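J.: One structure is given below, represented as structure tokens, and several questions about it will come after.
Each reported figure results from applying straightforward, stated rules to the coordinates on display, with no laboratory input. This structure is a prediction, so every number in the text was calculated from the model and none was measured. Counting neighbours? That spans all protein chains shown, and the Cβs are built from the backbone with ideal geometry, glycine included.
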Amino acid sequence: MMKHAALLFLSFAAACSAQMAPLHSTVSATGQASVYVTPDQVKVDATVITQGNSAQDAASANATAVAAVVGALTKLLGQGANIKTIDYSVGPIYKYPSNGGLPTIAGYTASLTVETTLGDITMIGAAIDTAIKAGATSIGALQFSLKNPDPAHQQALALATKQASDHANAMAGALAHTVGGIISLQEGSPVSIQPIVVGVGSSPTTSTTVSPSLIQVQATVVLQAQLN
């Protein structure tokens, strides 16, 4: 009986001691960094718009024109070129009476965009000029990006981690403390990659030249450590 009571007392004392033990103070800091990288691929959108007296006429004319654009781009870039068609539409053209009243259908229009992804950005101008000469009626904005953003992402993470560590040390030092062991270190919000979009005129009269800007790759790190 006495042995049982002694064990209960020791357990109670240990519990009280654990509750009264001071908790370690911690410091948390966030680091954010950006790396700027030259893009190595680009999407070029060439749109073909045709008209006809009927929806079928407009669609048929569009199919012929698009085939010419795709064929010209394939000849320029090779059979393995990344070319696909997107954003297809066919619709009526309305004519509105000058004196009011209900509009009438004056014809039909068909539109289709040919999207080409170039792994060699030096081919941008040639691709644009080829598409327009083959029948494209407009060129949309160019979207530059990275084939593999991971190396830039890792560089941004390293810089963000260094910044988080510096911030933690600065906060600890201001209170005459030092940063102890790391409790947690994790990536914050998903990596942010800002593609560069460049506008292009619809009908260049000379050879097209495009100079892309750098792409921003951003990373965030959250650090938590003991405060000594």
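J.: What do you get when you divide the Cα radius of gyration of segment 41-145 by 2.2 N^0.38 Å, with N the number of residues?
T.: 1.26
J.: Here's something else I'd like to know. Could you tell me the largest-minus-smallest coordinate of the C-alpha atoms of segment 77-197 on each of the three principal axes, in descending order and whole angstroms?
T.: 82, 47, 20
J.: If you count, for each residue, the other Cβ atoms within 10 Å and average over each peptide, how do 58-68, 98-108, 123-133 line up from highest to lowest?
T.: On the way: 58-68: 17.6, 98-108: 10.4, 123-133: 19.4.
My ranking of the peptides, most packed first, is 123-133, 58-68, 98-108.
J.: Expected output is a single nm value to one decimal: the length gained when fully extending between V90 and S184, i.e. 0.36 nm times separation in residues minus the C-alpha distance. What is it?
T.: 28.2 nm
J.: Further, regarding this structure: Would you mind getting me the FRET efficiency between D166 and D40? Use the beta-carbon distance for r and R0 = 30 Å, nearest 0.05.
T.: 0.40
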